[in-house]
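The values are calculated or read from the model by the stated rules, or taken from the named source; none is laboratory data. Computed from a prediction, not measured in an experiment: that's the story for all the values here. Backbone-built Cβ (ideal geometry, glycine too); neighbour counts: all protein chains shown. The protein model used for the area step is the full one, side chains on, heavy atoms only, and it has no ligands, DNA or RNA in it. Shrake-Rupley method; radii C 1.70, N 1.55, O 1.52, S 1.80 Å.
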Amino acid sequence: MWAPLRLSSVITGDGNIRCELYSQLSHRITQPLLCFSLLAPAIGVCNCEVVSHTGGFTELRLKEALQPGKKITFVIGYREPEFKAANRAWLPLGCYLKNNDEIFPVATAAGGLPRESPVTTSNTHAGQFTEAMMVPKPVSVALNGDSQSIETVAVNAAEKLTSVALHVDALAQRNGFKPLVSSSGMPAKISIEPSLSESAYGIEIARGNILISAADESGVFYALVTLLTLRETGGGTIQEGIIKDEPRFEWRGQHLDCARHYYQVDTILRLLDLMALLKLNRFHWHICDDEAFRLQTDFAASLWQQTAYRGEGELISGVFGGGAGSYGGSYSKDDVTQILARAKALYIEVMPEVEFPAHAFCINQSVNGLRDPEDFGLEESVQGYRNNVVNPALPETMAFFTGLCKEVAASFPFSHIHLGGDELPEGSWLGSPVMNNYKIQHGLANAEDVEGFAMHKLAAEMRTEGIIPCAWEESGRGVNGGIGNDAILFLWQGLEQFQQLASQGYRCVLTPAQHTYFDMAHTDQTSDWGANWAATIRLADTINWEPLPAALDAYADNCLGVQGAFWSEFTTTDSEMEAMIAPRILGLACKAWCGRGAVTSAELLSMAQAYEAIFQKMQWQTAPMELYT
């Protein structure tokens with residue numbers, strides 16, 4: 001769409017942003033009001049002033065009139081001193097200009113990583129079966145030196161196992177690969193071996209036939225995914241030998257933030273397919289945050305109806321690139337059914353997340369009575385939201401979240417629900433008389449105690465329904481020991497908290513931001529894209545860490561596994577997510593499946609190069625190689 005205004009922005013040496021707004025309008029605007037979003041609240045540095053903000057969404061008054069064919073130069077910055085514009089993702093997103101009742105779109109530079117040029121390869125890996133040829137790397141491989149061509153396999157198995165093979169065949173065909181299963185293919189006999197551990201499998205590739213043994217259906221699925229992968233990376237040729245394989249961890253997850261950006265259902269289905277090819281088995285569906293609640297529910301239907309879209313005139317303004325128009329969407333019950341069906345066929349469980357008690361800005365905008373009306377505290381979230389915390393001292397608050405979470409959890413057969421519990425703003429509830437009495441009544445000294453106590457109550461309600469509560473690591477704190485109720489905690493700040501939480505009995509999933517947050521930029525170059533508050537993450541950084549060091553082996557049973565995360569603050573189109581995840585998700589898959597030290601960074605780089613052909617067939621964008629090598 002043609003835009004009559006164009007904004008160009010560059011990062012200055014001091015981390016501010018120098019902007020030029022050029023007008024192709026036919027008339028003069030005396031007091032232009034530029035609207036855009038940043039990661040966090042902005043300040044006007046030169047020739048402009050901030051009129052209002054909601055989080056990082058900013059209305060900026062320019063101090064010059066906007067003339068046809070002319071440009072205005074101004075400088076903005078981030079309000080908090082520790083926030084400095086780092087790369088293109090930190091520049092204004094979702095820009096438009098207001099002039100009384102008129103709204104004009106503003107063109108800006110394209111977002112996301114640049115598309116990588118198509119890779120042409122002579123398939124130098126063809127005819128080899130090396131351990132670097134597949135992700136994740138198998139536990140053991142014994143080769144006899146011979147190889148044979150394989151196009152398809154003819155499955156010889158019980159009907160139930162044959163249906164598993166058809167799921168892998170469907171996975172292949174919808175992602176641009178040739179069929180895997182046909183009646184004329186190489187004979188493949190599949191059997192169940194109960195003595196194997198969960199999801200384990202063995203493959204014996206001999207002259208003219210294949211033998212597969214597996215612990216269960218998921219093991220059969222992973223064995224056939226292995227054959228599919230080897231066929232693709234080997235150019236249709238696989239070496240003969242024996243593969244024995246099993247996962248290190250039970251929980252092998254990937255998270256997607258659909259609250260900051262609404263992803264089309266087809267995009268989520270494609271992500272599930274990619275996860276399955278890498279033997280990941282948990283999808284953490286982040287459908288609720290400050291910006292939106294995106295799941296159709298019967299309980300409090302107005303919540304998703306009022307917050308699914310944002311922009312000018314909506315309940316939620318155009319934060320995080322929402323722009324002027326109604327931007328977003330919600331996931332219907334039919335959408336959930338479709339996603340769950342795909343996940344089931346891929347042996348992936350789906351866990352939804354509802355945020356409590358913080359990250360609740362959109363909930364407070366839509367639902368009355370969840371905050372103390374006498375609370376005039378000045379707490380503000382790190383993203384710049386005021387009033388993004390609900391008050392658990394109010395019976396209405398606990399009743400609301402209990403009802404909402406029970407319905408959400410009941411929609412997902414996995415019977416796990418993530419309750420949030422992270423990033424409580426400093427000073428929360430200090431202005432609430434109701435909360436002050438609540439603290440005295442329950443012996444709570446501070447906000448951390450309150451959060452732990454409230455999370456414990458909400459988790460107990462989930463347990464009465466047979467639902468396993470999950471939460472971020474902060475929920476394990478507080479005078480009462482935190483959320484309890486056999487909850488699973490997700491640790492995003494590193495291993496520091498693991499020993500303490502494990503010693504309290506918590507089971508944990510490790511999702512360290514320094515290694516598995518794929519919204520982080522690859523480099524510190526201003527031409528790059530992404531956040532940097534935790535780290536810059538190259539491909540090697542996804543493998544050069546140990547989820548469970550030997551010194552913590554006593555707590556091995558408390559480490560359920562690992563998970564990647566993609567937060568969508570900078571995402572305005574679905575495709576922008578793809579090159580941020582790939583190929584770094586290969587490192588995550590190795591950490592989730594492989595044993596300690598099984599894959600080096602050099603091997604991972606070789607794997608990433610071998611997987612270029614797979615990503616191309618899937619039409620999945622990848623980061624330019626110079627960013628991750």
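Below is a table of values for the structure above.
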| quantity | calculated |
| --- | --- |
| Amide H within-cut-off set for W251, under 5 Å, with H built and near neighbours excluded | G561, V562 |
| Proximal charge balance of D574 [Cβ under 12 Å; K/R count +1, D/E count -1] | -2 |
| ³J(HN,Hα), Karplus 6.51/-1.76/1.60, whole Hz, each residue of the range 319-327, x for Gly, Pro | 5, 6, x, x, x, 7, x, 5, 10 |
| Amide H partners (placed H, <5 Å) of I210, local residues excluded | A188, K189 |
| Loop GluC sites (Glu not before Pro), the range 187-274 (other Cβ atoms within 10 Å of the site Cβ: 12 or fewer; DSSP) | E198 |
| Ratio Rg/Rh [Cα only; Rh per Kirkwood] for the chain | 0.99 |
| Cleavage-rule hits, trypsin sites (Lys or Arg not before Pro), the range 564-607, DSSP coil, Cβ neighbours within 10 Å at most 13 | R596 |
| Theoretical gain in end-to-end length, N156 to S191 [0.36 nm per residue, Cα-Cα removed] | 11.7 nm |
| Paramagnetic label zone (point 7 Å from Cα along Cα-to-C-beta, S503; backbone N under 14 Å) in the range 532-568 | 552-555 |
| Carbon + sulfur, % of accessible area of the chain - ligands and nucleic acids excluded, 1.4 Å | 49 |
| Zone of N544's modelled label, taken as backbone nitrogen in the range 580-614 under 19 Å from a point 7 Å along Cα→Cβ | 583-592, 596-609 |
| For the range 490-613: Kirkwood Rh in Å [reciprocal of mean 1/r, alpha carbons] | 15.2 |
| Note, ³J(HN,Hα) from phi for the range 486-499, Karplus 6.51, -1.76, 1.60, rounded to Hz, x at Gly and Pro | 6, 6, 9, 9, 9, 9, 10, 9, x, 7, 3, 8, 4, 4 |
| Label-to-label distance, nm, for residues given as E626 and L315 (7 Å Cα→Cβ offset) | 4.7 |
| Residues with amide H under 5 Å from that of I417, placed H, sequence gap 5 or more | I468, C470 |
| Cα long-axis angle, helix 159-174 against the chain (0 to 90 degrees, to the nearest 10) | 60 |
| Solvent exposure of the chain as accessible area per residue, Å², 1.4 Å probe | 37 |
| Signed unit charges on C-beta, dipole axis of the chain, positive-most listed residue I192, C590, V135 | V135 |
| Contour excess over end-to-end distance, with Cα ends at R79 and Q619 and 0.36 nm allotted per residue | 190.4 nm |
| Virtual spin-label span in nm between E204 and N144, 7 Å along Cα→Cβ | 1.0 |
| Length added when fully stretched, I103-H442, from 0.36 nm per residue minus Cα-Cα | 116.9 nm |
| Local electrostatic count at N446 - Lys and Arg +1, Asp and Glu -1, tallied over other residues with Cβ under 11 Å | -2 |
| For the range 357-370, 3J(HN,Hα) per residue [Karplus equation, 6.51 cos²θ - 1.76 cosθ + 1.60, θ = phi - 60°, Hz, x = Gly/Pro] | x, 9, 6, 10, 4, 5, 5, 5, 6, 9, 10, 7, x, 9 |
| Radius 14 Å from Cβ of P105, net charge of other residues (Lys, Arg +1; Asp, Glu -1) | 0 |
